[in-house]
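Chemist: Have a look at this one before I ask anything.
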Amino acid sequence: MNQQAKTERIKNIFSSNQMIVIYIIAGMLILIAGINPSAFGPATFIDTGRSMLTMLMFALCEMIVIISGGIDVSFPAFATFCMYATTKLMVTAGIDGVLLSFVIAGAMGLGLGLLNGFLVGTCKIPTLIATLGTSSLIHGALLSFVGVNDITNLPPQMDEVGKQYLFQVQTDAGVSSMSIFIILPIVLCVIVWLLLRYTMLGRSIYAIGGDVNSAQRAGFNVKRTQYFIYMFVGVIVGIGGMTYTLLARNANTTQLMGSEMMVIAAVVIGGARITGGHGNVLGTILGVALINIVSNNLIVMGVPTYWQTFLIGLLIIVGVIITSVKAKRVALAPKI
Amino acid sequence: MSDVFLKVTGIKKSFGGVQALKGVDLEIKKGEVRSLAGENGCGKSTLIKVISGAHSADAGEVVIDGKRYDSLTPMDAICAGIQVIYQDFAVFPNLTVAENIALNYELDTCQKTVNWKEVKEIAQKAMARIGAEIPLDVLVERLSVANKQMVAICRALLNDAKLVIMDEPTTALTAREVARLFDVIRMMQENGIAVMIVTHKLDEVYEIAETLTILRNGEKVAEGPINEFDRPRFIKSMTGRDIEEVFYRPEQNDNKILEVQGISREGAFQDVTFDLYEGDVLGITGLLGSGRGEIGEALFGMAPATSGSIKMGGQEIKIKSVGDAMKNGVGYVPEDRLTEGLFLELPIGTNTIAASVKSYLHGGRLDYKAMNESMWKWIKDLSVAAPSPEPPIKTLSGGNQQKVVLAKWLNTKPRLLILNGPTVGVDIGSKTDIHKILRGLVADGVGVIVISDDLPELIQNCNRVLIMRGGKLAGCFETTDLDETKLSALLSEQA
Amino acid sequence: MEKQVQKTGFLRKIEKSTLWLLLLLIGLVVVVSIAAPKQFVTLANFQSMGFQLPEFGIMSLGMMICMIAGGIDLSIVGMANLSGIVAAAFMHAVGVDSTAGMAGGICLALVVGMACGAFNGLLIGGLRIPAMLVTLCAQQIFMGLGLVITKGPAIAGLSEAYQVIGNGVVANAIPIALVLFIGVAVVLFFVMKYTVYGQQLYLLGSNPVASRYSGVNNIKVIVKTHMISGLLAAVAGIVISSHYGSAKSDYGSAYTLQTLLICILGGISPVGGKGKLAGVVLAIVIIQVISSAFGILRVDSFLKTFVFGLILIAVMIMQYWAGSGSKKIKTTKEKQIG
């Protein structure tokens, strides 16, 4: 019986969501290598890593919210607000400092997260509607009260850090550089992984996502957990937004808007169920990687730009269907 | 009195005008095994929820281990050592077995971090205590009902429980599992843990309980050591009347309404055959998971049978969907009224016509006047306690809600009506009303099948009772040959 | 006696939900009229309101039925633009000034809208994927398809005749689009009140499990609902492309939030099964009045985004306070359909 259980476990591992995503990623890479071997090298990986950077940070936040049974469409607005307002503040006040900018953006994010926490945790407003509302509110506030025009003249230190590289690789096409900021999502992955797996707080996020009523009866403080989730997410989103600005070396008010779609899709493809309770860091990393590999390489593969939105949409819907059908199969499978 | 663990006095609680508890007192000593008995809807569940802090009482006092609580929260109750195993077990489907078991323990000991090795050890130990063997790494969503309950029991045992309340713990268990459960209960008792079993099954009460409290209509009507209660007194206290000797014997004739020949559905039931005659009431019973409910769902097309034949009025019919069933005049009152039967937020009237909207389509538009007439007609005919069809149905009591679910099907003018647990959670007055309605139906030539685990109900209303065991038909008995004891023995008999 | 009870019941219903909205609307109109009498109380202003309102008004009606069914449709804007683009592309292919081409283009747009809706409905009803997720993804797909057809820039140069739909007037004053909106609202009112589908829509939204146990074919109702939503989106798409004289895949991106806001304001429950068309129509007018007021007072449009978000949150919080004590709003977690 033990042997049987073991083989079943191995079988489950190989048919898990993560593995399916890995298969697809592998397939994509082979395809890319086949079509354009010269584009396939260390540079590809560095480029993918760099483009994944901020998206991964947002995706980890979204994953936490989805595990808890909610959904967050307000993070692009929050991130935009944090990065733009922070940059504007620092430029206007004439202060400089990379760490300081992160602290300010994180603090702003914390405040915005508190707002979401209040609406979801205290007022029990459905998360989609609450975050759609705050998204509109905060983006509107930014544009009407803070500013509209791009800020390109970052203070020197903040400007300089965007050009700091962890390492560089020389290829035929030129120099590929890995930004120092890649450390941020890596550290965040570890933190979120530890949080979700090894703390009671993390387990309570899974618990309320699995069954809110049971969680309440078991003695979990649902409200406090929800406040924590949205405030934690707020801070990370603030820092993520700031990272985006420092990388791009300018702050603008529109570029991030609309990115929630891709991020939610990446999380769902990574195995998180939109109904809550399921999801993990590794899956999310893979989901983000897949979407980035596809969108970065469509041009390499000779697909016209105007096909991109559609093809990525198609990829997402297929991913969602696979995830949902798998979840349904589990529900219908014979019980033990 | 230091040996009293829990004392509640004068507990009152009402929901939207319906008084569920009308001043109940209850006392549980340390290490006592008490049975809380009463018919469905007597306020048992509400009382448990008050004791566990899930509901706050409107009036009354809760004293646990000498400490008085003004507003008891679930956390207070857990910390004071009260554990409830609910009927829905309150497990987390998305977490593993090990974690489900150990989670509360970790929560109570106020741990901030999770030690997965320890979680497994804790879970393993807890399972060993009741001799359960469930793989620790499996997600609970993949477990059967019985195993989910085992997980819930393990979890309750782990917490430093001083009082474990079990809400209908044996409904889904086989005889062997029940025996094991009772062993565990005795063991807990030896360790000074009090257990309160909520049940309406007589045999179990006599087997395990020392003392008994009986609730009826939100009031405590009897209390005392178990040996002071013989069966008639017990039943009388529960129902508020002597056992009714007035049995209804429908007069059947030889016209077959329904002929079911060898229907099967994998994982639910196999090779079930029976006939239903005009003027006949057929009962189907069995333990949970025996396939009794599944037969009803199959005839209604909800989860259709995959083989076998069904004839109505001599004609072979195919039931592949609910639409098929309704076209052939089959109606079905589902088991779970709140989630399957009712549109809680919608008006009473809308609920009465929910299954027959199509019949009001005249000249391309719905006839609101006719709809309104039907709504009023059913409220009057079934004496539903409602001022008008306007208020949402959630404002009604269980009995009146059930009448509306019945009305929904009566309004479709069915040829065959299947009722799954027709009087679960219904007060005695409405129960009698519902039985009367059924008799009226039968007299009008409608075929009626009653699926129930309420044995007196079956014996009083049916001509014949089919007994299901493990998905197979274990026998068909004339009710004249049966009494409750005999029937209940037939149910749990090991095949 | 029975009649009397019914009548008071009827009056009470009107009072409760719709009357408040009506009072709010009247109050708003009075305030704006006093603040800017010369600009607000003019034929030109009412006319321009009549031109703007149908675009998001028709979309809101689609959002409304999806929400009553217990779901949501976040792909309405995508369907509208795709339909408009298909119509425009078809008209260009046939010949811009051909009347038959215009008729064909319009029909094609409506078919595209319904097909998009059917796609949503099948995934939601058939595969039981939450509506929120399906329509969020579908928005990307529809927008992407629009981009594939247009290759990026707008398809401009639509015929004068086509542009009459969005810019023309009847009886010298009433915008054709407004007439179209009223027509759509009346038909939808009839469908919701006097058809079997309309009743089943509320049953499904109120409790999808019980509706199955009452013989409602849930999948059929869900697919129908999203097809209607798609059809309405297509009508809106035609109005929009006609109004601009061109079709593009990113027109009207603010309308998603606006339609949701209108439905919530109009008393449609986010958990389904509740809400009336009259409330939504009033909410549409209210939002249009607010929009116009912003225009008249020359407040920049960003503030509108801010205020709409604020209104949405405020309405939800008020509903929470009104409902707390008796019942709390459930989470959006999809009910299992069994």
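The values are calculated or read from the model by the stated rules, or taken from the named source; none is laboratory data. Here the structure is a predicted model, which is why all the values come from computation and not from measurement. Please note: Cβ atoms are built from the backbone with ideal geometry, for glycine as well, and neighbour counts cover all protein chains shown.
Chemist: Mind checking which residues of the stretch B:194-238 are modelled with pLDDT of 85 or more and of a type in the set (Ser, Thr, Tyr)?
Modeler: Correct list: B:THR211, B:THR213.
Chemist: Working only within the stretch B:377-417, note down all residues that are closer than 27 Å to B:ILE319 by Cβ, within 11 Å of chain C (Cβ to nearest Cβ) and of a type in the set (D, E, K, R).
Modeler: Within the stretch B:377-417, just B:LYS408 meets the criteria.
Chemist: Hey, can you tell me all the residues within the stretch B:59-71 that are assigned to a loop (DSSP other than H, G, I, E, B) and surrounded by 15 or more Cβ atoms within 10 Å (Cβ to Cβ)?
Modeler: B:ASP65
Chemist: Mind checking whether some residue in the stretch B:328-343 is farther than 27 Å from C:MET192 by Cα, touching a strand residue (DSSP E or B) at 6+ places or on another chain (Cβ under 7 Å) and of a type in the set (D, E, K, R)?
Modeler: Yes - at least one qualifying residue is present in the stretch B:328-343.
Chemist: So, one more: Those residues that are aromatic (Phe, Trp, Tyr) and either out of contact with any helix residue (DSSP H, G or I) (no Cβ under 7 Å at 6 or more places or on another chain) or farther than 27 Å from C:PRO130 by Cβ (or both), I need them from the stretch C:40-71; list them, please. Lay out the reasoning, then the answer.
Modeler: As a first pass, look at the stretch C:40-71 and keep what is aromatic (Phe, Trp, Tyr): C:40, C:46, C:51, C:56.
Within the stretch C:40-71, C:PHE40, C:PHE46, C:PHE51 qualify.
Chemist: Which of the following residues is among the β-branched types (Val, Ile, Thr), within 9 Å of another protein chain (Cβ to nearest Cβ) and buried (at least 20 other Cβ atoms within 10 Å of the Cβ): A:THR309, A:THR284?
Modeler: Going through A:THR309, A:THR284 in turn, the sole match is A:THR309.
Chemist: When the residues of the stretch A:65-101 are filtered to those that are outside any helix (DSSP H, G or I) and polar (S, T, N, Q), which remaining residue is farthest from A:LEU247 (Cα to Cα)? Can you show your working first?
Modeler: Going residue by residue through the stretch A:65-101, those that are outside any helix (DSSP H, G or I) are A:68-74, A:94-97.
Checking the rest, the ones that are also polar (S, T, N, Q) come to A:68, A:74.
Numbers: A:SER68: 31, A:SER74: 22 Å.
Across the stretch A:65-101, the extreme among qualifying residues is A:SER68.
Chemist: Same structure, new question: Note down all Cβ pairs under 8 Å where the first residue falls in the stretch A:161-182 and is acidic (Asp, Glu), the second is at pLDDT below 75, and they're at least six residues apart or on different chains.
Modeler: These pairs meet every condition: A:ASP172/A:SER38.
Chemist: Could you list all residues from the stretch B:279-331 that are under 21 Å from the mean Cα position of the chain (by Cα) and not hydrophobic (A, V, I, L, M, F, W, C)?
Modeler: Selection gives B:GLY283, B:THR285, B:GLY286, B:GLY289, B:SER290, B:GLY291, B:ARG292, B:GLY293, B:GLU294, B:GLY296, B:GLU297, B:GLY331.
Chemist: Answer yes or no as to whether B:GLY429 is on the phi > 0 side of the Ramachandran plot, modelled with pLDDT under 85 and not hydrophobic (A, V, I, L, M, F, W, C).
Modeler: Values: on the phi > 0 side of the Ramachandran plot: no; modelled with pLDDT under 85: yes; not hydrophobic (A, V, I, L, M, F, W, C): yes.
No: the conditions fail for B:GLY429.
Chemist: Restricting to the stretch B:77-120, and then to whatever is aromatic (Phe, Trp, Tyr), within 10 Å of chain A (Cβ to nearest Cβ) and in contact (Cβ under 8 Å) with a residue 24 or more places away in the chain, can you tell me which residue is nearest to A:LEU195 (Cα to Cα)?
Modeler: B:PHE92
Chemist: Sticking with this structure for a sec: Filter the stretch A:207-224 down to residues that are more than 7 Å from every other protein chain (Cβ to nearest Cβ), closer than 19 Å to A:ARG273 by Cβ and not in a helix (DSSP H, G or I), then give me how many there are.
Modeler: 0
Chemist: Let me ask something else. Answer yes or no: is there a residue in the stretch B:37-56 that is farther than 30 Å from B:PRO422 by Cα, of a type outside the set (Gly, Ala, Ser), assigned to a loop (DSSP other than H, G, I, E, B) and not assigned by TED's automatic domain parsing to the domain that holds B:GLY421.
Modeler: No - not one qualifying residue is present in the stretch B:37-56.
The rows are residues; the columns are (1) touching a residue at least 12 places away in the same chain (Cβ under 8 Å); (2) more than 14 Å from chain A (Cβ to nearest Cβ); (3) under 17 Å from A:GLY313 (Cα atoms).
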{"position": "C:PHE119", "(1), (2), (3)": "yes, no, yes"}
{"position": "C:GLY125", "(1), (2), (3)": "yes, no, no"}
{"position": "C:ARG128", "(1), (2), (3)": "yes, no, no"}
{"position": "C:LEU136", "(1), (2), (3)": "yes, no, yes"}
{"position": "C:GLN140", "(1), (2), (3)": "yes, no, yes"}
{"position": "C:GLY152", "(1), (2), (3)": "no, no, yes"}
{"position": "C:GLY157", "(1), (2), (3)": "yes, yes, no"}
{"position": "C:ALA161", "(1), (2), (3)": "yes, yes, no"}
{"position": "C:ASN172", "(1), (2), (3)": "no, yes, no"}
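Chemist: Quick check on my filter: what residues within the stretch C:123-132 are closer than 19 Å to C:LEU257 by Cβ and either surrounded by fewer than 24 Cβ atoms within 10 Å (Cβ to Cβ) or out of contact with any Asp or Glu (no Cβ under 9 Å at 6 or more places or on another chain) (or both)?
Modeler: Pass one, the stretch C:123-132, residues closer than 19 Å to C:LEU257 by Cβ: C:131-132.
The one that is closer than 19 Å to C:LEU257 by Cβ and either surrounded by fewer than 24 Cβ atoms within 10 Å (Cβ to Cβ) or out of contact with any Asp or Glu (no Cβ under 9 Å at 6 or more places or on another chain) (or both): C:MET132.
Chemist: Of the conditions (1) within 14 Å of chain C (Cβ to nearest Cβ); (2) surrounded by fewer than 22 Cβ atoms within 10 Å (Cβ to Cβ); (3) farther than 17 Å from A:THR86 by Cα, A:VAL146 satisfies every one except a single condition; which number is it?
Modeler: The failed condition is (3).
Chemist: Pairs only if they're at least six apart or on different chains, beta carbon under 8 angstrom, first in the stretch C:80-102 and part of a helix (DSSP H, G or I), second modelled with pLDDT under 90 and β-branched (Val, Ile, Thr); list them, first residue then second.
Modeler: Between residues of the stretch C:80-102 that are part of a helix (DSSP H, G or I) and residues that are modelled with pLDDT under 90 and β-branched (Val, Ile, Thr), the close pairs are C:ALA100/C:VAL94; C:GLY101/C:VAL94.
Chemist: Moving to a separate point now. Restricting to the stretch A:131-143, give me the number of residues that are without any contact (Cβ under 8 Å) to a residue 24 or more places away in the chain and either more than 7 Å from chain C (Cβ to nearest Cβ) or among the polar types (S, T, N, Q) (or both).
Modeler: Qualifying residue count for the region: 0.
Chemist: Take A:GLY121 and tell me if it is more than 14 Å from every other protein chain (Cβ to nearest Cβ), within 30 Å of A:VAL65 (Cα to Cα), touching a helix residue (DSSP H, G or I) at 6+ places or on another chain (Cβ under 9 Å) and part of a helix (DSSP H, G or I). Lay out the reasoning, then the answer.
Modeler: Numbers: more than 14 Å from every other protein chain (Cβ to nearest Cβ): no; within 30 Å of A:VAL65 (Cα to Cα): yes; touching a helix residue (DSSP H, G or I) at 6+ places or on another chain (Cβ under 9 Å): yes; part of a helix (DSSP H, G or I): yes.
No: the conditions fail for A:GLY121.
Chemist: Given the conditions (1) surrounded by 19 or more Cβ atoms within 10 Å (Cβ to Cβ); (2) touching a helix residue (DSSP H, G or I) at 6+ places or on another chain (Cβ under 7 Å); (3) not in a helix (DSSP H, G or I), and given that A:MET301 satisfies all but one, which numbered condition is not satisfied?
Modeler: The number of the failed condition is (1).
Chemist: I've got another one for you. Got at least one residue in the stretch C:239-246 being within 14 Å of chain A (Cβ to nearest Cβ) and surrounded by fewer than 23 Cβ atoms within 10 Å (Cβ to Cβ)?
Modeler: no
Chemist: A follow-up question, please. Please give the number of the condition C:GLN288 fails out of (1) closer than 30 Å to C:ALA154 by Cβ; (2) modelled with pLDDT of 90 or more; (3) not in a helix (DSSP H, G or I).
Modeler: (3)
Chemist: Right, another one. Take the conditions surrounded by fewer than 24 Cβ atoms within 10 Å (Cβ to Cβ), over 22 Å from the mean Cα position of the chain (by Cα) and within 30 Å of C:ALA322 (Cα to Cα) and apply them to A:PHE118. Does it pass?
Modeler: yes
Here's the yes/no breakdown for (1) at pLDDT 80 or above; (2) assigned to a loop (DSSP other than H, G, I, E, B):
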residue	(1), (2)
B:GLY267	yes, yes
B:LEU282	yes, no
B:GLY289	no, yes
B:PRO304	yes, yes
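Chemist: Assigned by TED's automatic domain parsing to the domain that holds B:LEU410, surrounded by 23 or more Cβ atoms within 10 Å (Cβ to Cβ) and in a helix (DSSP H, G or I): is that true of B:ASN372 in this structure? Break it down stepwise before answering.
Modeler: On the way: assigned by TED's automatic domain parsing to the domain that holds B:LEU410: yes; surrounded by 23 or more Cβ atoms within 10 Å (Cβ to Cβ): no; in a helix (DSSP H, G or I): yes.
Taking the combined requirement at face value, the residue does not satisfy it.
Chemist: Can you pull out the residues in the stretch C:276-303 that are within 14 Å of chain A (Cβ to nearest Cβ) and under 14 Å from C:ILE262 (Cα atoms)?
Modeler: Passing the criteria: C:ILE287, C:ILE290, C:SER291.
Chemist: Looking only at the stretch B:443-461, decide whether some residue is in a loop (DSSP other than H, G, I, E, B) and touching a Gly at 6+ places or on another chain (Cβ under 6 Å).
Modeler: yes
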